[in-house]
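Q: The structure under discussion is supplied below as structure tokens; questions concerning it will follow.
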């Protein structure tokens, strides 16, 4: 009995020192891997249970803390997710994923200084990860540091030339800063790499409209409206493009739809005046 009591005290002492029983890490990794498999299968509840078991088996193992944080993050519980990410970072500062995840949460919360600090740490941990460069560019853009933003986006595009996102971000940055020619260049590349992405398609159509590339703009707005037929901005802009192309009857079709979708829009009164000239 005395010997058993001494063993219990010994294991309690190990846990308090952050030292686990022999084989605990291997078992914790196995449980985490099973949790990952459950996540892949779409069973979030089972995955969470397995990650919790992994933590109980080895409280010093960082990965399951990050994985629980990601589940909470997707559910919208950002503050709780942050606590798990930060716990993972405290246990293993070399782990990339919780650092970049923390940066994204701070960015979404518009805490750009904190987001920038964690994005910089993420870049140091994994300088070849395009997501950390894209995020760094977005943070720089929010701070008004446009040349730094462009450098970050271009670095991301070099690291992963087949990814549409850095081209989309570059094109949107140029569009927002009245360089429509550059915007068309990068947004066309983004659309080429990801034709199914509606954001690239819409922004490309907008940039082409601003550049006077009206036939191209019309074509891209038409593609966008196949994906999102009730999008009021696309309907309004498509109507404007048709007017500029002197296709007034076609314009009226899109603008009538705009009025159906957004009858209380501030632009509705002017649109009604135009549409009123055409029957049907």
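The values are calculated or read from the model by the stated rules, or taken from the named source; none is laboratory data. All values reported here derive from a predicted model rather than from experimental measurement. Cβ: placed from backbone, ideal geometry, glycine included. Neighbour counts: every protein chain shown.
Q: Restricting to the stretch 60-101, count the residues that are in contact with a helix residue (DSSP H, G or I) (Cβ under 7 Å, 6 or more places away or on another chain) and assigned to a loop (DSSP other than H, G, I, E, B).
A: 5
Q: Turning to a different aspect of this structure: Which of the residues belonging to the stretch 261-279 are part of a loop (DSSP other than H, G, I, E, B) and either within 36 Å of the chain's Cα centre (by Cα) or surrounded by 13 or more Cβ atoms within 10 Å (Cβ to Cβ) (or both)? Let's see the steps before the verdict.
A: To start, the set of residues in the stretch 261-279 that are part of a loop (DSSP other than H, G, I, E, B) comprises 262-267, 276-279.
Selection gives 262, 263, 264, 265, 266, 267, 278.
Q: Filter the stretch 132-159 down to residues that are in contact with a helix residue (DSSP H, G or I) (Cβ under 6 Å, 6 or more places away or on another chain) and buried (at least 17 other Cβ atoms within 10 Å of the Cβ), then give me how many there are.
A: Looking only at that region, the number is 16.
Q: Of the residues 65, 85, only one is assigned by TED's automatic domain parsing to the domain that holds residue 32 and closer than 30 Å to residue 154 by Cα; which?
A: Numbers: 65 fails: closer than 30 Å to residue 154 by Cα.
After applying the criteria, what remains is 85.
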